[in-house]
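Worksheet: the structure to be examined is printed underneath.
The values are calculated or read from the model by the stated rules, or taken from the named source; none is laboratory data. Since this is a predicted model, take the numbers as computed values, not measurements. Counting neighbours? That spans all protein chains shown, and the Cβs are built from the backbone with ideal geometry, glycine included. For accessibility, only protein heavy atoms count, side chains too; no ligands or nucleic acids. Shrake-Rupley method; radii C 1.70, N 1.55, O 1.52, S 1.80 Å.
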Amino acid sequence: MKAAVILLPGLNRDRDMIAALTKISGQAPQTIWQTETSIDDDIDLIVIPGGFSYGDYLRCGAIAARMPVMRAVREKAEKGTRVIGVCNGFQILLETGLLPGALMRNASLKFVCREVNLEVANSGTAFTQGYSQGQIIRCPVAHHDGNYFTDPDTLASLEANRQVAFRYTPDTNPNGSLNNIAGIVNTAGNVLGMMPHPENLIEAAHGGSDGRALFESALGLVDA
Amino acid sequence: MTMTKRATAAMTIPNTIPITEELIAAHGLKPEEYQRILDLIGREPSFTELGIFSAMWNEHCSYKSSKKWLRTLPTTGPRVIQGPGENAGVVDIGDGECVVFKMESHNHPSYIEPYQGAATGMGGILRDVFTMGARPIAAMNALRFGDPDHPKTRHLVSGVVSGIGGYANCFGVPTVGGEVEFDTRYNGNCLVNAFAAGIARTDAIFLSEAKGVGLPVVYLGAKTGRDGVGGATMASAEFDESIEEKRPTVQVGDPFTEKCLLEACLELMQTGAVIAIQDMGAAGLTCSAVEMGAKGDLGIELDLDMVPVREENMSAYEMMLSESQERMLMVLKPEKEAEAKAIFVKWGLDFAIVGKTTDDLRFRILHQGDEVANLPIKDLGDEAPEYDREWRELGGLSPLDIADVEEPEDYGQALLDLLGSPNNASKRWVWEQYDTLIQGSTLQIPGGDAGVVRVEGHDTKALAFSSDVTPRYVEANPYEGGKQAVAECWRNLTATGAEPLASTDNLNFGNPERPEIMGQLVMAIQGIGEACTALDFPIVSGNVSLYNETNGEAILPTPTIGGVGLIDDWNQMARIGGAGAGDCVILIGGDGTHLGQSAWMRDCLGRCEGAPPSVDLMEERRNGDFVRSAIRNGQVTSCHDISSGGLGATLAEMVMASDLGMKIDLSSSQGPAHALLFGEDQARYVITVPADLGSYIMASAEGAGVPFRHLGTVSGSALQIEGVLCVAVSALRAAHESWFPAYMDTPTTLAAE
């Protein structure tokens with residue numbers, strides 16, 4: 001499978017993401033600049049990395065969601081191409097409407113960078129099949145606005161449709177997210193948004209490789 | 001006349017107003033300094049010219065009080081590529097690569113406006129590093145605040161920490177180390193010292209020296225506004241009650257623009273278009289243009305009508321002194337202009353040709369058709385006043401007799417009190433607000449001896465970073481304290497297994513016009529110089545911040561040392577928490593004997609007495625070299641140096657980090673338990689090694705003439721010191737982790753304001 005990484009001014013975990021995808025898939029992902037209006041047909045996985053696109057000077061992700069390249073991402077997503085948004089990428093996916101809900105300022109009102117534990121809430125998605133159901137994995141977070149919120153009906157339908165991919169363990173929820181939600185997929189199951197940074201836990205130098213299976217799953221490198 | 005009034009008034013002040021004594025004083029220039037200006041240019045300066053002189057000749061930019069002594073520091077070594085004098089120091093790390101680093105203060109702005117002051121301090125030091133062609137890979141910050149009970153302290157801590165995080169996190173550099181301390185002496189003047197390091201190719205270092213006549217001088221980055229007008233002059237003045245009026249001199253940071261500027265500059269540098277580059281930091285356009293011209297023996301002509309501005313009706317004076325952030329000045333190869341411009345347009349940044357290099361050695365400023373300044377460019381820097389200020393010998397306190405210090409009734413409680421006191425408590429509340437992991441290269445986050453990041457593109461190479469100073473030691477004896485700051489930094493790098501390469505100094509002191517303050521500065525520099533020489537740890541960059549006083553009371557003398565070390569193979573790196581059950585615990589260095597100026601006496605007994613511990617640099621080196629070589633041989637499972645809090649704090653920090661207890665027996669040590677546990681004798685480490693290697697390591701130590709003591713074994717879930725104390729690791733952690741969050745969660749009223 002061929003991966004691409006979206007580049008927007010202000011994103012800053014793009015190099016981390018490119019390194020992770022390269023190490024795991026054996027080939028460097030294509031990079032796509034903000035002004036591109038189309039994405040090649042042979043791209044099977046699009047990743048929007050973390051950072052502070054356009055400084056996050058409006059609502060996080062709001063400016064990014066209105067750039068030409070995001071129209072192209074939406075078109076690909078609607079055709080079933082896999083899309084992962086991590087951290088600011090998750091915020092951008094929410095702003096484009098590809099995923100439901102919003103990310104508010106952390107309950108602590110402070111930026112938080114630490115390792116948390118995640119429960120794999122649904123191991124049946126395209127992004128989580130490399131994990132077992134209910135598996136607890138380690139993963140770092142680094143964000144100021146990761147407090148997932150949505151209306152009660154949407155929350156109920158997310159839960160009913162098993163769209164919650166990852167949850168913080170209750171004792172490590174770093175931001176006050178509803179239902180400890182750390183990552184969700186869309187109803188079609190091909191778009192994942194998550195606040196934690198699996199790309200920062202993929203090798204011995206990171207002190208573990210719990211994040212690796214996510215990318216292996218998304219890249220079709222595990223047996224479904 | 002206050003700064004605020006002056007900045008506002010400048011809009012209407014024409015360039016040709018008479019220069020009054022009041023105006024000269026408001027620019028921080030002494031009458032004799034003004035006379036020097038008259039002698040140099042042979043006429044009365046214009047208003048803009050006065051501003052330019054004031055910016056170039058203030059303490060912050062000219063180092064006029066410290067230059068004489070800074071020259072005595074060791075700044076060279078086999079690995080040093082660039083010492084002090086450029087934007088940052090450059091040190092060879094092999095394989096055609098180098099580390100570029102510096103530490104700089106942003107004390108006064110951070111006290112006036114903590115968030116923006118700290119944020120722009122971070123922004124400034126990052127710019128210093130990438131101006132030289134290096135991509136920043138690590139940051140640290142050393143923060144010092146007033147008494148926790150002072151009504152302003154919480155507000156400053158909160159603002160400074162979120163300001164540093166707000167900038168560094170958004171820019172995308174991991175913060176891997178630093179210090180946070182409290183002392184009443186910083187009540188009216190907090191310290192914010194920011195460090196950044198980057199990696200560059202040794203054959204692609206960019207300097208500020210302009211070359212070639214008639215070449216375009218290009219302005220890059222953000223637009224110029226009125227923020228920070230006179231900032232460098234403000235940073236060179238003492239504070240008094242009018243401080244609130246100085247808020248408009250604080251700059252406002254935009255980390256998003258800085259991130260774009262980083263990418264654009266690195267991209268542009270690859271095209272070969274850049275001849276010279278200088279960031280606009282203190283005194284903005286003035287300092288950067290003069291620096292480029294003077295270093296290259298060239299004149300510079302600037303046309304201010306071409307400068308991108310974000311406010312209307314800015315005067316030449318304001319444009320020349322603005323400290324708006326995220327701006328660069330470059331001399332470019334004319335044939336590459338279009339290519340260069342395309343890169344900046346792509347990143348949404350301003351690109352404007354604002355002048356040219358000339359052969360007449362003049363600094364000419366044109367504005368709206370008038371020549372508003374025409375000054376001899378070399379004299380602005382070279383002829384800046386330099387003072388040999390009067391200084392007084394200090395120190396001379398005798399060591400405290402430990403018999404004068406009563407032993408605590410309950411050693412367990414004493415240790416808990418120490419670990420839970422503001423200066424010794426965990427700083428997790430602070431560093432969890434910094435992105436410590438971005439770039440995916442961080443091997444050790446804050447909380448250990450040094451931060452460590454691996455070097456991209458290499459399988460095993462890593463760099464270690466540490467920032468250190470013990471101001472209470474420097475106060476008690478500036479010479480020994482200066483030595484100790486260097487030694488502790490060197491020791492912290494060593495404790496990870498790193499080879500200390502070089503250092504940067506950030507010298508924070510009070511008013512140098514007072515002989516006792518000047519004595520602190522002079523003697524601390526002497527101590528620093530001696531230690532850097534003895535430990536082969538040259539100073540390659542630095543910054544001096546003087547006049548850190550409020551209403552005549554000076555801060556504790558605080559010469560912060562930031563150090564960089566090289567790890568060949570991070571698989572053999574030591575961490576504070578790596579011990580395994582059954583490991584042998586060994587003290588490297590002598591027993592604790594010295595309680596004077598110790599953290600325990602200050603923080604638990606309220607006593608700051610006697611001489612600080614002295615530093616034997618030969619012993620420091622011998623013990624450190626032994627520890628490093630054991631780590632590099634893969635024999636050490638964990639290591640921690642002994643510093644503030646003595647052996648007791650070191651053992652406690654190790655058991656908390658590994659989450660395994662220790663059984664320790666001090667019965668073969670000499671002396672009373674309080675000195676053994678809390679004494680701060682130097683050149684000491686605690687290491688743990690696999691049980692079967694214990695005898696071998698101790699025999700090696702003996703052979704190398706390194707003092708050592710077998711302390712005990714890693715075991716259980718408590719720190720147990722036979723006959724002295726036994727405290728559960730969980731209880732230690734509760735005490736250590738609780739102070740900071742509890743303090744910051746207490747509602748605060750700024751009644752005093």
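The alpha carbon gyration tensor of segment B:531-690 gives principal lengths a ≥ b ≥ c with a/c of 1.5 or higher and a/b no greater than b/c, which makes the shape oblate.
Interface burial in segment A:9-39, defined as at least 30 Å² less accessible area with all protein chains than with the chain alone at a 1.4 Å probe, covers A:P9, A:G10, A:N12, A:R13, A:R15, A:D16, A:W33. Prolate is the label for segment B:1-130, because the ratio a/c of its alpha-carbon gyration tensor axes (a ≥ b ≥ c) is 1.5 or higher and a/b is greater than b/c. Between the listed residues B:G661, A:G211, A:G80, the Cα displaced farthest toward the positive end of the dipole of the protein assembly as shown, a dipole computed from Cβ unit charges relative to the Cα centre, is found at A:G80. Each Lys and Arg adds +1 at its Cβ and each Asp and Glu adds -1 at its Cβ; summed about the Cα centre, segment A:3-218 shows a dipole of about 280 debye. Interface burial in segment B:324-368, defined as at least 10 Å² less accessible area with all protein chains than with the chain alone at a 1.4 Å probe, covers B:K346, B:W347. Computed with every protein chain present, the accessible area of B:E456 is close to 130 Å² [probe 1.4 Å].
Evaluated at q = 0.15, 0.18, 0.19, 0.24 Å⁻¹, the base-10 log of the normalised Debye intensity for segment A:112-224, with identical point scatterers placed on the Cα atoms, takes the values -0.60, -0.87, -0.97, -1.47.
The amide H of B:F182, built 1.01 Å from its N in the peptide plane, has B:F145 as neighbours under 5 Å, considering only residues 5 or more places off or on other chains.
Membrane-span-like helices of chain A, defined as complete DSSP H segments with a Cα extent of 15 Å or more along the helix axis and a mean Kyte hydropathy of at least 0.0, are identified as A:14-25. Only DSSP H runs of four or more residues enter the estimate; each adds -39500 (n - 2.57), and after division by the residues of the protein assembly as shown the mean residue ellipticity at 222 nm equals -9500 deg cm²/dmol. Take every DSSP beta bridge whose two residues both sit in the protein assembly as shown; close to 75 percent of them are antiparallel. Roughly what % of DSSP beta bridges within segment A:3-218 run antiparallel, to the nearest 5? If we restrict to bridges inside segment A:3-218, about 60 percent are antiparallel.
Extent of segment A:3-218 along its three principal axes (Cα atoms, max minus min coordinate, largest first): 42, 36, 32 Å.
Axis of helix B:255-270 versus longest Cα principal axis of chain B: the two differ by about 80°, to the nearest ten degrees.
The string of couplings for segment B:394-406 from the Karplus curve (6.51, -1.76, 1.60, θ = phi - 60°) is 10, x, x, 6, 7, x, 6, 6, 5, 5, 7, 10, 6 Hz, one whole number per residue in order, with x for Gly and Pro.
Computed from Cα atoms, the angle from the helix B:617-632 axis to the main principal axis of chain B rounds to 80 degrees.
Expressed in Å, the radius of gyration and Dmax of the Cα atoms of segment B:349-481 are 27.2, 80. What shape does segment B:617-753 take by its C-alpha gyration tensor, where a ≥ b ≥ c are the square roots of the eigenvalues and a/c under 1.5 counts as rounded, a/b above b/c as prolate, and the rest as oblate? Prolate. Under the criterion of Cα pairs below 8 Å and six or more residues apart, the relative contact order for segment A:3-218 equals 20 percent.
Per-residue SASA remark: B:K461, around 20 Å² accessible (1.4 Å probe; ligands, DNA and RNA not included). Here the calculated FRET efficiency for B:D401 and A:S108, from their Cβ-Cβ distance with R0 = 51 Å, stands at 0.60, rounded to the nearest 0.05. Once label points are set 7 Å from the Cα along Cα→Cβ at both B:E383 and A:W33, what is their separation, rounded to one decimal in nm? Once both label points are built, they end up 4.8 nm from each other. The ellipsoid equivalent to the alpha-carbon distribution of the protein assembly as shown has semi-axes of 43, 40, 25 angstrom, derived from the gyration tensor eigenvalues as √(5λ) and listed largest first. The calculated FRET efficiency for the pair A:E159 and B:M306, based on their C-beta separation and a Förster distance of 60 Å, comes to about 0.50. The HN-Hα couplings worked out from phi for segment B:428-442 by the Karplus form 6.51 cos²θ - 1.76 cosθ + 1.60 (θ = phi - 60°) are 3, 3, 6, 6, 6, 8, 9, 6, 9, 10, 4, 5, x, 10, 6 Hz, whole numbers, x standing for Gly and Pro. Distance cut-off 25 Å, Cα to Cα: go down the list A:K110/B:K152; B:K152/B:K427; B:K259/B:K346; A:K2/B:K461; B:K295/B:K346; B:K356/B:K378 and report the pairs above it. Table pairs above 25 Å Cα-Cα are A:K2/B:K461; B:K295/B:K346.
Relative to the globular-protein estimate of 2.2 N^0.38 Å, the Cα radius of gyration of chain B stands at 0.96. Put a dot 7 Å past the Cα of B:Y696, heading toward its Cβ, do the same for B:K211, and the two dots end up 5.4 nm apart. Using a 1.4 Å probe over protein heavy atoms, the accessible area lost on pairing B with A, summed over both chains, comes to approximately 2200 Å². On a 0 to 90 degree scale, rounded to 10, what angle separates helix B:478-494 from the longest Cα axis of chain B? Roughly 70 degrees, rounded to the nearest 10.
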